[in-house]
Amino acid sequence: MTKTFFKYVIPSMLAFALSGIYAIVDGFFVGNSVGDQGLATINLVYPLVALIQAAGTGVGMAGAIHFAIAEGGKRINERNRYFWITCGLLIAVSLLLTLVYLPLNKTLLHLLGMQGQLEIYGLQYMRVITAGILFQVLGVGLVPLIRNIGKSLQAMAAMIAGFLTNIVLDYLLVWILPYGLPGAAAATVLGQAVTVLWCAAVLFPVRKTLKAQWDKGWEYQTTRILKLTPSPLGLTFVPNVTLILINWSAMQFGGDPAVSAYAVISYVCCVMLLLLQGVSDGTQPLFSQYYGEQKPDKVRRVRRLAFQFGLAIALASVLLLYGLRYEAAVLFGASEEIVAMVGESLPIFILGFVFVAISRIAISYFYATEKNKYAYLLIYGEPLILAALLLILPQRCGIAGTWAAVPVSQLAVAVLSLGLLKKVQRKEEKILIEQCREQTVERSC
């Protein structure tokens, strides 16, 4: 079990870490080329980019979960239809987002509080991003499908190929050629295009094993994917809702320096949080497969391993970032004022890593085993708790209250996660007892 666990989790961790480094690479090159305003622009506009990727992740992960459950139940035709339905939904979602973003980019930037030079930079960046929405949705949506087919290493390789492309093109289009923010956006889009091509190359040899008969039932399968989509979509996008809320509060109580400091903090924390997301999502194929096979004992063993490993990663991340709290901002070409602010504020944020490890693994378990209500409650409850705290703490503590609202909200969600898990465990124990009784009767017969 441990070997199987790490076979899925380690590639998933690396893939998620690389997806976070996409944004960091843009911030590194733009911050050192354009300056603090360019860095703030990338931070402020990132939720719009993240929504695109979250939509692709939501559909791709939802389809991959049902694919794995059908695989566990040996329902091969149903499994194959889930694969092709998911691919069709990814294309449909990318077209829908393109039609929404094209006319509304400027309006969306205003809603994020961007004005003046920041708005000009934001429009330059988003025009290129909008043109490449198809590649971004497919790039993140196909990876969970490949992982659930049993090709976790190939899924990781696809992400690495895109990441390396992004680095090379950022260097060429931002530093060597004077394209600035549009160049950084083009590097991101083309990096995702390479990921899509890699995924297509992985899927092409196995296409014959994914043939499906399209009799009745595909409409129901489509509905099941769409019902599950809000869970992984929300889990991917909620950190960006946090980004928006904290940016608004930071602008109000700390001004531009606080926004720039939070840009660095969010970049630094992003990779560590995505490592934890990689642990939780790496366990999803195992959760879904054993759930489909109706083996709750194996589900519990995977869950226990996930919590142990996730907490170990969280604690290691806390120690690492605390030691590098002042050096982190220097990497992004920040001014001395921003470096000092980051060094003083980062320890507040990293306190929440342990709480995030608990909640992310619980959420992944819930949506991977079709306990959608619990997943919805945890995913969408966190930004509501954060919003409530931001109405109270900054009024009393200033910008320190803005920072403190993040780990406090994460603590609240972690406590709620443990309560819901306790409730589910009682049900699992009843099932295991019934299975033991049935096995005892069979032996006696």
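Given a Förster radius of 25 Å and the C-beta distance between A212 and Y380 as r, what FRET efficiency does 1/(1 + (r/R0)^6) yield to the nearest 0.05?
Working: r = 33 Å, r/R0 = 1.33.
Here the calculated transfer efficiency is 0.15.
Among G254, I244, T209, which residue has its Cα positioned farthest towards the positive end of the charge dipole of the chain, with +1 placed on the Cβ of Lys and Arg, -1 on the Cβ of Asp and Glu, and the dipole taken about the Cα centre? Selected residue: T209. Each principal axis of the Cα atoms in segment 207-333 has its own extent, and those three values, largest first, are 59, 32, 28 angstrom. For the chain, the convex hull drawn through the C-alpha positions has a volume of 137 cubic angstrom per residue.
Each residue, I91 and W248, gets one label point 7 Å from its Cα in the Cβ direction; the gap between the two is 3.8 nm.
Overall, the accessible surface of segment 195-313 at a probe of 1.4 angstrom is composed of carbon and sulfur to the extent of 63 percent. Considering only T98, V299, I358, the residue lying farthest towards the positive end of the dipole of the chain is V299, judged by Cα position with unit charges set on Cβ. Here's how it looks for G132: its modeled amide H is under 5 Å from none belonging to a residue 5 or more places away or on a different chain. Other residues whose C-beta falls under 14 angstrom from the C-beta of F204 contribute a net charge of +4, scoring Lys and Arg +1 and Asp and Glu -1. Qualifying GluC sites (Glu not before Pro) in segment 291-364, where qualification requires a DSSP coil assignment and no more than 15 other C-beta atoms within 10 Å, comprise E293. Under 12 Å from the 7 Å Cα→Cβ point of L418, by amide nitrogen: which residues of segment 357-376? Hits in segment 357-376 for L418 at 12 Å: 358-359. Compute the helix-to-body angle for 152-170: its Cα long axis versus the longest principal axis of the chain, expressed 0 to 90° and rounded to tens. Compared with the principal axis, the helix lies near 10 degrees. The C-alpha atoms of the chain define a longest principal axis, and helix 296-323 lies at about 20 degrees to it.
The charge dipole of the chain, taken about its Cα centre with unit charges on the Cβ atoms of Lys, Arg (+1), Asp and Glu (-1) only, comes to about 2020 debye.
Cross-linked pairs K3/K373; K151/K211; K7/K74: Cα-Cα separations exceed 27 Å for K3/K373. Taken about its Cα centre, segment 252-405 carries a charge dipole of about 860 debye when Lys and Arg each add +1 at the Cβ and Asp and Glu each add -1 at the Cβ. Here the accessible area is traced with a 1.4 Å probe on the protein chains. For segment 332-422, carbon and sulfur cover 70 percent of it.
Charge dipole (Cα centre; +1 on Lys/Arg Cβ, -1 on Asp/Glu Cβ; no other charges) of segment 142-285 amounts to roughly 700 debye. Residue separation of A388 and L153 scaled by 0.36 nm, minus their Cα-Cα distance, works out to 80.5 nm of gained length.
In order along segment 263-275, the phi-based Karplus estimate (6.51 cos²θ - 1.76 cosθ + 1.60, θ = phi - 60°) of 3J(HN,Hα) comes to 4, 5, 4, 5, 5, 5, 6, 4, 5, 5, 5, 6, 4 Hz; Gly and Pro are listed as x.
With each run of n ≥ 4 DSSP H residues scored as -39500 (n - 2.57), what mean residue ellipticity at 222 nm is computed for the chain after dividing by its residue count and rounding to the nearest 500 deg cm²/dmol?
Working: 16 runs with 387 residues, N = 445.
After summing the helix terms and dividing by the residues of the chain, the value is -30500 deg cm²/dmol.
On average, how much accessible surface per residue is there in the chain, in Å², for a 1.4 Å probe, leaving out ligands, DNA and RNA?
Numbers: 18740 Å² over 445 residues.
Accessible area per residue, the chain: 42 Å².
Across segment 349-359, rounded Karplus estimates of 3J(HN,Hα) from the backbone phi angles (6.51 cos²θ - 1.76 cosθ + 1.60, θ = phi - 60°) give 6, 6, 4, x, 4, 5, 5, 5, 4, 5, 5 Hz, Gly and Pro being marked x.
The values are calculated or read from the model by the stated rules, or taken from the named source; none is laboratory data. These numbers were taken from a predicted model, which means no experiment stands behind them. Here Cβ is always computed from backbone atoms with ideal geometry, including for glycine, and neighbour counts include all displayed protein chains. Protein only, heavy atoms only, side chains kept; ligands, DNA and RNA dropped before computing areas. Shrake-Rupley method; radii C 1.70, N 1.55, O 1.52, S 1.80 Å.
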